[in-house]
1. Output the number of residues of region 59-71 satisfying the condition of being surrounded by 15 or more Cβ atoms within 10 Å (Cβ to Cβ) and modelled with pLDDT under 85.
2. Could you please give the count of residues in region 1-44 that are assigned to a loop (DSSP other than H, G, I, E, B) and within 20 Å of residue 92 (Cα to Cα)?
3. In region 11-52, what residues are within 18 Å of the chain's Cα centre (by Cα) and more than 17 Å from residue 85 (Cα to Cα)?
4. Identify, from the list 74, 87, the residue that is within 30 Å of residue 31 (Cβ to Cβ), at pLDDT below 85 and either surrounded by 12 or more Cβ atoms within 10 Å (Cβ to Cβ) or in the same structural domain as residue 27 (by TED's automatic domain parsing) (or both).
5. Residue 35 versus (1) surrounded by 13 or more Cβ atoms within 10 Å (Cβ to Cβ); (2) in contact (Cβ under 8 Å) with a residue 40 or more places away in the chain; (3) not assigned by TED's automatic domain parsing to the domain that holds residue 108: which is the lone unmet condition?
6. Here is a check on your reading of the model: is residue 97 touching a residue at least 24 places away in the same chain (Cβ under 8 Å) and either in a helix (DSSP H, G or I) or within 30 Å of residue 29 (Cα to Cα) (or both)?
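The values are calculated or read from the model by the stated rules, or taken from the named source; none is laboratory data. Worth saying up front: this structure is predicted, and the values here are computed from it rather than measured. Please note: Cβ atoms are built from the backbone with ideal geometry, for glycine as well, and neighbour counts cover all protein chains shown.
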């Protein structure tokens, strides 16, 4: 991963946001939100080979892709939740940021619920 480019983009956005915050707070928040989305896109494009390799390994090991789908959905929810929460914290809306984090935790729980039910049924079958 070209971490130096990502860090350079992040530091540049942070400096611009600090300078802009002195004049227009709302534009600084918008800049940090767009910067966060840009960095997230950079990370995802650099991580695509990892996802392809994970898919190859799962196919070779005869592992159900259902588990990888749950993992990737949960990871996506975490990224989006963190981005939204950070944007709200940058706007000094900590109460909304904490509600977004709570919603993200419940969303991950809902995504992982089928996996929990499979584990519970496996445990019940083992106990019988």
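1. 1
2. The number of residues fulfilling the criteria is 3.
3. Result: 41, 42, 43, 44, 45, 46, 47, 48, 49, 50, 51.
4. 87
5. (2)
6. No, not satisfied.
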